[in-house]
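Colleague: Take this structure first; my questions come after.
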């Protein structure tokens with residue numbers, strides 16, 4: 001794709017609306033487009049914010065990287081403390097850097113706030129809300145079943161309130177409203193492991209009070225990272241780390257589905273367990289059948305688009321109803337509890353300040369582990385939801401949102417809720433469901449552009465015409481996130497809570513299998529494995545991996561699988577408390593170990609790369 005070069009001697013515009021798309025430019029100083037897809041307009045082509053001549057931001061990729069490596073990223077110059085300067089000069093005092101990343105995020109995103117609400121007047125918001133509601137709420141409850149049954153300190157009410165709190169906070173005040181938050185598998189593993197460790201003490205402390213301190217320590221570390229600019233380390237995160245972690249999450253979804261079915265065989269009659277297995281397989285098979293029909297040439301386009309948007313929710317409702325038909329009756333269903341009442345009849349506010357002093361100190365290392373988990377998990381979710389595969393036009397805000405995550409973590413500890421954070425694969429599913437398709441302005445000229453369009457269309461798009469339709473935009477708004485959170489609150493009302501209690505656990509297992517397999521099909525790890533297994537005679541001559549030696553593709557794949565295996569293995573043991581450290585170690589392994597294993601620079605560019613476009617990565621000083 002050829003990019004226009006600036007006219008010689010032309011002066012650069014100074015308004016903020018003209019500078020935001022140029023946060024990072026190419027070494028040749030050519031204009032930078034926000035996505036990597038052809039013909040996508042810049043952020044300010046749609047929503048030009050008010051002018052601000054005082055804003056000084058880097059104009060080249062080299063400047064952003066130099067400011068980051070010098071440690072002055074997001075620091076103002078001495079005379080610009082009261083201005084909107086985003087990047088500082090050498091010699092700036094360290095205390096003048098505090099909060100500058102957050103300040104820049106707010107300044108960049110604030111002009112788009114009202115358009116985030118106006119732009120929700122689009123049909124794509126309805127299917128996106130429906131899809132995310134079902135794929136967020138039910139897996140969150142299912143993930144928490146082990147936590148609920150192990151600790152007896154949480155219930156479905158706490159899980160739903162946690163999802164509502166996170167969606168309300170981030171949709172109303174966040175800089176990245178496309179990122180979906182909720183209760184994840186990793187946080188339930190962490191909380192369950194903390195409980196098991198505490199039970200080994202002769203006189204264990206009150207569990208919720210101890211977790212309250214863990215969350216408080218973690219929240220303070222969130223605030224420190226956001227204020228100090230430590231979120232800039234995200235510029236070192238590449239597809240290697242995201243693909244490996246995404247592959248791990250996908251397998252965890254499959255594992256949880258199997259665990260639900262296996263528990264049916266031990267907790268109920270063989271007939272009931274077999275009925276749960278049948279419902280799970282029906283949920284899995286019919287959902288994927290609808291996906292295949294949506295991308296086939298059968299039927300007219302409106303029915304295919306309908307199947308792409310609502311196939312999974314309709315399958316879930318239908319298979320839940322089948323649990324009360326014929327010989328499938330008698331399956332175990334979800335435990336619900338009392339509407340708007342915490343588990344065990346406790347008070348809503350957890351008096352964590354009453355915890356004995358020694359346990360306050362013991363909670364600190366657990367808070368560090370929580371911080372490491374959320375730093376990687378939440379920020380990677382945000383990156384993938386705003387990856388270069390999606391033609392986004394509005395600026396991100398990683399520093400500010402990580403500060404908000406600290407607030408939600410503290411509130412979760414205070415109220416005795418499981419702490420929410422960014423969800424994989426729900427976050428990218430949300431963005432993909434908001435894609436707007438249209439004819440390309442011209443044919444993609446590079447393999448990167450073609451690959452970006454293919455990855456963006458990785459989910460069902462309702463009969464997209466290959467080569468004739470590409471993603472031309474995303475409905476970037478706040479309503480779908482807020483709406484799915486509000487539905488969680490509605491679900492807590494007695495009538496709907498009763499309906500929730502009618503959902504068979506076998507259907508939840510099928511939902512886990514569906515989401516896990518769907519994520520595996522679009523995983524970069526799976527793509528490399530399929531490439532190696534495919535007959536060379538049937539490989540496309542335009543396949544980017546053809547430019548890499550097969551031995552290097554195999555080695556890179558084995559490293560990714562090794563990282564996945566180490567993370568998955570530690571989760572199965574009592575040492576699961578340390579699995580966030582293993583996940584975080586993927587980043588330095590990619591930076592300092594992988595390049596020394598005989599890969600050329602060209603091979604590394606093909607095998608790995610930035611997760612998001614420079615337009616998105618500008619919030620953290622550019623990509624690696």
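The values are calculated or read from the model by the stated rules, or taken from the named source; none is laboratory data. Only a predicted model underlies this, so the values are computations on that prediction, with no experimental measurement involved. Cβ coordinates were reconstructed from backbone atoms using ideal geometry, including for glycine residues, and neighbour counts include every protein chain displayed.
Colleague: With touching a residue at least 12 places away in the same chain (Cβ under 8 Å) and part of a helix (DSSP H, G or I) as the only criterion, which of 472, 525, 490 stands out?
Modeller: Going through 472, 525, 490 in turn, just one is touching a residue at least 12 places away in the same chain (Cβ under 8 Å) and part of a helix (DSSP H, G or I): 525.
Colleague: Keeping to the stretch 299-328, report how many residues are in contact with a helix residue (DSSP H, G or I) (Cβ under 8 Å, 6 or more places away or on another chain) and loosely packed, with under 13 Cβ neighbours inside 10 Å.
Modeller: 1
Colleague: Turning to a different aspect of this structure: Which of the residues spanning the stretch 199-219 are in a helix (DSSP H, G or I) and more than 16 Å from residue 149 (Cα to Cα)? Steps first, please.
Modeller: Filtering the stretch 199-219 down to residues in a helix (DSSP H, G or I) leaves 207-219.
The answer is 209, 210, 211, 212, 213, 214, 215, 216, 217, 218, 219.
Colleague: Can you name every residue in the stretch 316-328 that is assigned to a helix (DSSP H, G or I) and in contact with a strand residue (DSSP E or B) (Cβ under 7 Å, 6 or more places away or on another chain)?
Modeller: From the stretch 316-328, those assigned to a helix (DSSP H, G or I) are 316-322, 326-328; that's our starting set.
Correct list: 320 only.
Colleague: Another one. For residues in the stretch 329-358 being modelled with pLDDT of 90 or more and surrounded by 18 or more Cβ atoms within 10 Å (Cβ to Cβ), which is farthest from the chain's Cα centre (by Cα)?
Modeller: 355
Colleague: Check residue 109 against each of (1) touching a residue at least 60 places away in the same chain (Cβ under 8 Å); (2) assigned to a helix (DSSP H, G or I); (3) within 19 Å of residue 381 (Cβ to Cβ); (4) assigned by TED's automatic domain parsing to the domain that holds residue 485 and name the one condition it does not meet.
Modeller: Every listed condition holds for residue 109 apart from (4).
Colleague: With respect to residue 376, is the statement that it is buried (at least 20 other Cβ atoms within 10 Å of the Cβ), assigned to a helix (DSSP H, G or I) and modelled with pLDDT of 85 or more true?
Modeller: yes
Colleague: Which of the residues that make up the stretch 586-618 are over 13 Å from residue 236 (Cβ atoms), under 22 Å from the mean Cα position of the chain (by Cα) and part of a helix (DSSP H, G or I)?
Modeller: Hits for the stretch 586-618 are 607, 614, 615, 616, 618.
Colleague: Which of the numbered conditions does residue 264 fail, given that it passes all the others? Conditions: (1) under 27 Å from residue 418 (Cα atoms); (2) at pLDDT 90 or above.
Modeller: All conditions are met except number (2).
Colleague: Which count do you get for residues in the stretch 528-582 that are in a helix (DSSP H, G or I), out of contact with any helix residue (DSSP H, G or I) (no Cβ under 8 Å at 6 or more places or on another chain) and farther than 19 Å from residue 604 by Cβ?
Modeller: 8
Colleague: Considering only the stretch 267-315, state which residues are outside any helix (DSSP H, G or I) and closer than 26 Å to residue 126 by Cβ.
Modeller: Passing the criteria: 295, 296, 297, 298, 299, 300.
Colleague: May I ask you to list the residues in the stretch 235-247 that are crowded, with 23+ Cβ neighbours inside 10 Å and under 14 Å from residue 588 (Cβ atoms)?
Modeller: 237, 240, 241, 244, listed by residue number.
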